[in-house]
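Just below is one structure, and these are the notes that go with it.
The values are calculated or read from the model by the stated rules, or taken from the named source; none is laboratory data. The structure displayed is predicted, hence computed values, not measured ones. Using ideal geometry, Cβ is built from the backbone for each residue, glycine included, and neighbour counts are taken over all protein chains shown. Only protein heavy atoms, including side chains, enter the accessible area calculation; ligands, DNA and RNA are left aside. Shrake-Rupley method; radii C 1.70, N 1.55, O 1.52, S 1.80 Å.
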Amino acid sequence: MEFFTNIKDWFASTHIQEQIKDVDFVGLFTNPWFIIPFAVLVLYSLFRQKWKDLIIIAIFVAIWWASGTNYMNSLLVDGEIQINKILPVIFGGAAVLGFVIYLFFGRSD
């Protein structure tokens with residue numbers, strides 16, 4: 001139990017949730033230091049036809065986008081998790097995780 005308490009304290013001390021919440025998406029995707037390597041990675045994956053890598057990139061971008069929506073911000077009200085709102089997120093995450101496991105282990109290229 002102490003291990004999980006230490007992880008919780010570390011997350012609280014790093015303010016990761018606030019940093020993710022305060023990301024300037026427009027600024028990030030117009031910054032050439034981010035967008036050029038990102039575009040090169042996507043174009044290289046398209047050129048080499050690495051569909052699995054492209055799907056994983058799309059999943060990460062979609063999760064990142066979804067984490068900033070109003071729905072995700074409404075999961076906690078007064079410090080309490082709203083069970084009726086968190087269940088779709090849990091089942092959706094499990095489905096995405098199952099799909100990623102299938103991509104890595106269930107089929108070959």
Q | Pairs where the first residue, in the stretch 13-39, is farther than 21 Å from Ile57 by Cβ and the second is open to solvent by 70 Å² or more (accessible area, probe 1.4 Å) and among the aromatic types (Phe, Trp, Tyr), C-beta under 8 Å, 6+ apart | A | Gln17/Phe11
Q) Any residue in the stretch 60-72 that is at pLDDT below 80 and out of contact with any Gly (no Cβ under 8 Å at 6 or more places or on another chain)? A) yes
**Q.** Residue list for the stretch 74-97, filter: among the polar types (S, T, N, Q) and out of contact with any helix residue (DSSP H, G or I) (no Cβ under 8 Å at 6 or more places or on another chain)
**A.** Gln82, Asn84
